[in-house]
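Taking it in order: structure first as structure tokens, then the write-up.
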Amino acid sequence: MANYPSLPFAYPFGVGVKQWQTLRSEMEMGYVQTRVRTTATVIRYPPNSHANVSSAQVDTFLAFWNLVRGKTDVFTLLDPRDGTSHLVRFAETPVIRGTDFNIYDIDNLVFEEAL
């Protein structure tokens, strides 16, 4: 399993929020029963970015993207805020934008926690 490359995140690093789902069941008599479904929820991290990275860092990111085959493989992401590691995969395709003087931004980094 691959580790996400050590590139500086533009702060604040997004925190994933567990999204709960509610199931409704019709009963023969009485009220409709509801219960919270927690077995298949996915934590999605809001879009993050790497700002002001060099072309060598972009090459490192693209090599990692090709290693994990884009949005399919699971990898380890180290949370820069507290140092905890999470098993995640890419949920979106990132966008690489060039700025002045060979400085780049890698935007739209959306991760989802692997179940």
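The values are calculated or read from the model by the stated rules, or taken from the named source; none is laboratory data. Note that this is a predicted model, so its numbers are computed, not measured. Don't worry about glycine lacking a Cβ; one is built from the backbone with ideal geometry, like all the others, and counts go over all protein chains shown.
For the reader, a short list of remarks on this structure follows.
- Residue list for region 63-90, restricted to those being at pLDDT 85 or above, within 16 Å of the chain's Cα centre (by Cα) and either of a type in the set (Gly, Ala, Ser) or over 15 Å from ASN3 (Cβ atoms) (or both): SER85
- From the list TYR45, TYR31, the lone residue that is aromatic (Phe, Trp, Tyr), surrounded by 14 or more Cβ atoms within 10 Å (Cβ to Cβ) and modelled with pLDDT under 80 is TYR45.
- Residues in region 48-105 that are surrounded by fewer than 16 Cβ atoms within 10 Å (Cβ to Cβ) and of a type in the set (Ser, Thr, Tyr): SER54, SER55, THR60, THR72, THR76, THR84, SER85, THR93, THR99.
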